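The values are calculated or read from the model by the stated rules, or taken from the named source; none is laboratory data. Since this is a predicted model, take the numbers as computed values, not measurements. Positions of Cβ are backbone-derived with ideal geometry, glycine not excepted, and every protein chain shown enters the neighbour counts. Each accessible area value is taken on the protein alone, full model and side chains, heavy atoms only, with ligands, DNA and RNA left out. Shrake-Rupley method; radii C 1.70, N 1.55, O 1.52, S 1.80 Å.
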Amino acid sequence: MSLTLAHIAEQIRGEAVGDGSVQITGFSTSENARPGDIVFAENETYFTAAEQSEASAILVSGPFNSAKKPLIRVANARVAVARLLPLFFPPDDYAPGIHPTAIVAESAEIHSTAHIGAYAIVGARCQIGARSVLMGGNHIGRDCQIGDDVRFYPNVVIYPRTRIGHRVAIHAGTVIGSDGYGYAFDEGKHRKVLQVGNVIIHDDVEIGANTAIDRAAIGSTVIGQGTKIDNLVHVAHNVTMGAHCLVMGQCGFAGSTRLGDYAVIASQSGVAGHLTLGRQSVVGAKSGVMRDVPDGGKVLGIPAMPDKQTKRQWIGMQQLPEMIRRLRELEAQVAELKAAQS
């Protein structure tokens, strides 16, 4: 694919500076750039490297100018890269139709433009919308509703009665709607409490590989619009995530916890059950959250506390060896004074 610099600038809402007719054929780093590539530079160091590279143009934000190469100037270079990459790396196309090895219930409603891949199973009364793709090996339980432009990567499993909105992507090995973890101790053993709810995933959600989202005990586990969940995340029954949350890898959420819109949970954090994490709250990496977090609150550590408080404690811990050394010196001086007085 070859596009002019001016056309690319228009597509990513930037301004072409210099020769807008230059043909761009790809996107690369400065180290690997070849003629025809456009490269990305967000600071002086990267810009210098970009100018010295073989690239044909540079994507910048800020007051950079070049006598060597044409530029595209944008307000935010990282946002522009996100808009640029699909121009050169479009998603794979999947032909409409149902693979001969797929097993589709007669009562299922599959849009004529959907793609049902090899060895997929679609249960009774399922609805799958326009241009949605099951890449293969997927199992969709009965009575599921799946919207338009949804993509299930290989071996995604969707339990019965799950509802999934439009433009949702779920990566390989993820399970949606498995049993919530519910037991009651009865007569010396753990009796299973049936989990009879479902999972609702709203529009524009992306869920990484090998993640598990449990269905509700009663009601729904809900993932809000635009939320992005990384790999290896566990979401327990009746959790509700607001819109546009970010959940990074290896996090876990116990049952009935609620996340406000735009909450951010960093990697390897655990959140106890029945808590509320407020709108735009932030949980730092490797944290254990045991209490509610207010709107805009930032917590860190185990147990998680306001981040500034936790950082002060960490700094104090780092000073302990020196404090112990000084204490021993003081103890020795006191002992010498006592000995001299006696």
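Does GLY137 satisfy the criteria of being touching an Asp or Glu at 6+ places or on another chain (Cβ under 7 Å) and open to solvent by less than 50 Å² (accessible area, probe 1.4 Å)?
Judged against the criteria, GLY137 is not a match.
Only one of these is under 21 Å from GLY208 (Cα atoms) and of a type in the set (Lys, Arg): ARG125, ARG142, ARG151. Name it.
After ruling out the rest, the residue left standing is ARG151.
Being in contact with a Cys (Cβ under 7 Å, 6 or more places away or on another chain) and either small (Gly, Ala, Ser) or within 27 Å of ASP93 (Cβ to Cβ) (or both) is the filter here; which residues of the stretch 147-182 pass it?
Result: ILE158, THR162.
Applying the selection to the stretch 316-342, what residues are open to solvent by 90 Å² or more (accessible area, probe 1.4 Å) and within 30 Å of LYS298 (Cα to Cα)?
MET317, GLN318, GLN319, MET323, listed by residue number.
So how many residues does the stretch 292-301 have that are of a type in the set (A, V, I, L, M) and out of contact with any helix residue (DSSP H, G or I) (no Cβ under 9 Å at 6 or more places or on another chain)?
Looking only at that region, the number is 1.
Where the second residue is open to solvent by 90 Å² or more (accessible area, probe 1.4 Å) and the first is farther than 20 Å from PRO154 by Cα and lies in the stretch 87-113, which pairs have Cβ atoms under 6 Å and are six or more apart or on separate chains?
Hits for this filter: SER107/ARG125.
Testing THR45 on (1) under 27 Å from the mean Cα position of the chain (by Cα); (2) over 28 Å from ARG161 (Cα atoms); (3) polar (S, T, N, Q), one condition comes back false. Which one is that?
Unmet for THR45, out of (1) under 27 Å from the mean Cα position of the chain (by Cα); (2) over 28 Å from ARG161 (Cα atoms); (3) polar (S, T, N, Q): (1).
Would you confirm whether any residue within the stretch 269-281 is under 29 Å from the mean Cα position of the chain (by Cα), surrounded by 13 or more Cβ atoms within 10 Å (Cβ to Cβ) and more than 20 Å from HIS244 (Cα to Cα)?
There is at least one residue in the stretch 269-281 that is under 29 Å from the mean Cα position of the chain (by Cα), surrounded by 13 or more Cβ atoms within 10 Å (Cβ to Cβ) and more than 20 Å from HIS244 (Cα to Cα).
Go through the stretch 245-276 residue by residue and tally those that are within 20 Å of ILE207 (Cα to Cα) and either in contact (Cβ under 8 Å) with a residue 40 or more places away in the chain or in a strand (DSSP E or B) (or both).
Matching residues across the stretch 245-276 total 12.
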